[in-house]
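To start, the structure itself, in structure tokens.
FYI, it's all coordinate maths here, none of it is from the lab. As the structure is a prediction and not an experimental result, all values here were calculated from the model. FYI the Cβ positions are ideal-geometry reconstructions off the backbone, even for glycines, and counts take in every protein chain you see.
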Amino acid sequence: MTRVITYGTFDVLHIGHLNLLKRAKALGDYLIVGVTSDDFDLSRGKINNTQSLMERIKGVRETGLADEIIVEEYEGQKIDDIKRRNIDIFTLGSDWVGKYDYLNEYCKVVYLPRTEGISSSQIRSEHKHVRIGVVGHDSPGSKFVNESKLVNGVEIVGFYSNTGIKTGFTDTGRIHDSSYKLVASENIYSQIAASNVPSSIIFDSYTDLLAASDAIYITSMPENHYQNSLDALKAGKHVLCESPGAYTRDQYAELKQIADDIGLILMEGIKTAYSTAYERLILLAQSGKIGDIISVDSVCTSLSGNIYSENVDLSMTWNSMCAWGVTALLPIFQLMGTDYIDKKIYSYFMNKEFNMDAYTKVDFTFDKGIASMRVGKGAKSEGNLVITGTKGYIYVPAPWWKTDYFEVRYEDIEKNERFFYQLSGEGIRYMIASFVKSIELHKNLSYITPEETAAIVGVIEDFNDRRDMIEFRK
Ligand code: C2G
């Protein structure tokens, strides 16, 4: 009896898959099909699967061609499967020619002709086509453009920057028009060139950009987020907005109400929430692995040299609380809940005119524990995250907000565990994929709940109003 094995994702099973499975079956008497797990696909950069593992397995089973279905979970499993399952022939489509020749050591390797003109990516793109307009001025916009190319069915239709600045060309790398209105940053232009997006898509008005888009990604200055989101929602467009999504609790509640009433997706853009290691460590902490969570301590700093310069225009520079506070608050609210009893904000301001804090610490008291965040653009510290529990703690080394690694540590160090997860695109591509899938399914699949967003916005509001705040000086 000739035993054959083949592997694949088999997302939205199509004629190409069917032909492949028929040809594979014809190579022998018994066909084993390895269907890739969602995690394995994530780790190899396949982020666009429409169907879950169970749905994909069902699709393969319904062909009636597989004698046995297994799940492929890790790199290198193929060797193990071939040896343990007494495989005579390993086969894949011709798009993989050469890639698996090393398996010849264990069995015969056959590459079967691929069916031309059909692919899962093509089917997914046909199903969904979301035109996204970008409002903003700085590099998050350009990272977004590059990452969006990896998400099926997304088209970036253009950019608009409505950020007027008081003095003109103080910030290098930015292009302003004659009235000193910021038109775009060179960064965006170079990224546009690199990504083959025609530069003609710099829109003159937000209304025009809205008219050309199904959804808007907002990465303008934080004080504009509310108005940009409001305009977009009122124009019937879905919104993905860099955090903080608004400056006050009331503003966010209004936006959320409008989005819910019209049936639009309103999502908070914090890329860290979408990085696999972060997502898994939160789930691990919630599962009781370190006992009851007593304390969460997060630190995010990045020195921004120019904020100390004399007479510098900081109107286009995010302060520490908006740039980092939103990320640092995320694990606190996700693990301790959003109903804190008390908080105290300690801020060291570099420039009050521009609301520019060099360093800010926020301490929280909850029913079940305490938490603390420290952020700074004008001071440098160790940017790690520590989640303290009654049985052990989770340690995420700096920079924790874009990590692929964390440790669970115990009193008995023999029991310590290390976890690694592939980090691709700092989480941005997964965030875009969630946004697009939310639009497609009419269901908010955000990794950040509205309560968490409201709590983050609330802290920013109190910071701006200097509520619960102690200012400290050098
Ligand atoms: N295929 C094909 N013709 C198409 C599309 C796909 O013959 N038009 C084949 C592929 O070559 C592969 C199988 O169908 O052998 C499954 O394709 P995918 O679902 O895209 O999975 P893939 O990423 O190719 O998985 O370990 C995973 C495997 O290495 C490959």
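Using only helices, what value at 222 nm comes out for the chain when you add -39,500 (n - 2.57) per DSSP H run of length 4 or more and divide by the total residues, to the nearest 500 deg cm²/dmol? Taken over the chain, the calculation gives -9500 deg cm²/dmol. Could you check how many percent of all C-alpha pairs in segment 89-155 are farther apart than 14 Å? Here the tail beyond 14 Å accounts for 70 percent of pairs. Counting other Cβ atoms within 10 Å as a rough exposure proxy, the listed residues Met221, Met54, Met1 run Met1, Met54, Met221 from fewest neighbours to most.
What the pair-distance distribution of the chain shows, using all Cα-Cα distances binned every 20 Å from zero, is 22, 49, 26, 4, 0 percent.
Under 11 Å from the Cβ of Glu155, count the other residues' Cβ atoms, weight Lys and Arg +1, Asp and Glu -1, and hand me the total.
Taking every other residue near Glu155 into account, the sum is +2.
Once you list every other residue whose beta carbon is under 12 Å from the beta carbon of Leu20, what net charge do they have if Lys and Arg are +1 and Asp and Glu are -1? Summing Lys and Arg as +1 and Asp and Glu as -1 gives +3.
Ranked by Cβ crowding within 10 angstrom, fewest neighbours first, how are Glu254, Glu451, Glu353 ordered?
Details: Glu254 16, Glu451 12, Glu353 8.
By the 10 Å Cβ count, ascending: Glu353, Glu451, Glu254.
Normalised by the number of residues in the chain, the average gap of Cα pairs under 8 Å and 6 or more apart makes the relative contact order 13 percent.
How do Arg61, Arg249 rank when sorted from fewest to most other Cβ atoms within 10 Å of their own Cβ?
Arg61, Arg249
Mind checking the full-extension length gain between Phe420 and Ser125? Use 0.36 nm per residue of separation minus the Cα-Cα distance, one decimal, nm.
Working: separation 295, 0.36 × 295 = 106.20 nm, distance 3.12 nm.
Result for the pair: 103.1 nm of gain on full extension.
Taking a point 7 Å out from the Cα of Lys368 in the direction of its Cβ, the residues of segment 269-287 whose backbone N falls within less than 11 Å of it are 286-287. Within straight-line reach of Lys343, meaning a Cα separation under 28 Å, sit the following lysines at least 8 residues removed in sequence or on another chain: Lys256, Lys271, Lys289, Lys352, Lys361, Lys368, Lys377, Lys380, Lys391, Lys402, Lys474.
Please work out whether segment 204-329 counts as rounded, prolate or oblate from its C-alpha gyration tensor, where a ≥ b ≥ c are the square roots of the eigenvalues and a/c under 1.5 means rounded, while otherwise a/b larger than b/c means prolate and anything else oblate? Could the numbers behind the result be given before it?
Details: a/c = 2.37, a/b = 1.22, b/c = 1.94.
Oblate shape, in that a/c is at least 1.5 and b/c is the bigger or equal ratio.
Can you classify segment 421-474 as rounded, prolate or oblate using the Cα gyration tensor, where a ≥ b ≥ c are the square roots of its eigenvalues, rounded means a/c under 1.5, and otherwise it's prolate if a/b beats b/c and oblate if not? Cα axes put segment 421-474 in the oblate bin. The Cβ shell under 11 Å around Pro113 holds other residues with a net charge of 0, Lys and Arg each +1, Asp and Glu each -1. Compared with the dominant principal axis of the Cα atoms in the chain, helix 450-464 is inclined by about 30°. Helix 222-234 and the longest principal axis of the Cα set of the chain meet at an angle near 60°. Would you give the gap between the C-alpha center of segment 358-385 and the C-alpha center of segment 457-474, rounded to a whole Å? After rounding, the separation between the Cα centres reads 13 Å. For segment 1-60, the Kirkwood radius over C-alpha pairs fed into Stokes-Einstein at 10 °C and 1.306 mPa s yields D = 131 µm² per second.
Our coupling estimate for segment 16-30, obtained by passing each phi through the Karplus curve with A = 6.51, B = -1.76, C = 1.60 and θ = phi - 60°, is x, 5, 4, 4, 4, 5, 4, 5, 5, 4, 5, 6, x, 10, 9 Hz, Gly and Pro reported as x. Rounded to the nearest 10 degrees, the inclination of helix 139-148 to the longest alpha-carbon principal axis of the chain is 20 degrees. Rounded, prolate or oblate: pick one for segment 265-366, where a ≥ b ≥ c are the square roots of the eigenvalues of its C-alpha gyration tensor, a/c under 1.5 means rounded, and failing that, prolate if a/b is larger than b/c, else oblate. Note, shape of segment 265-366 comes out prolate.
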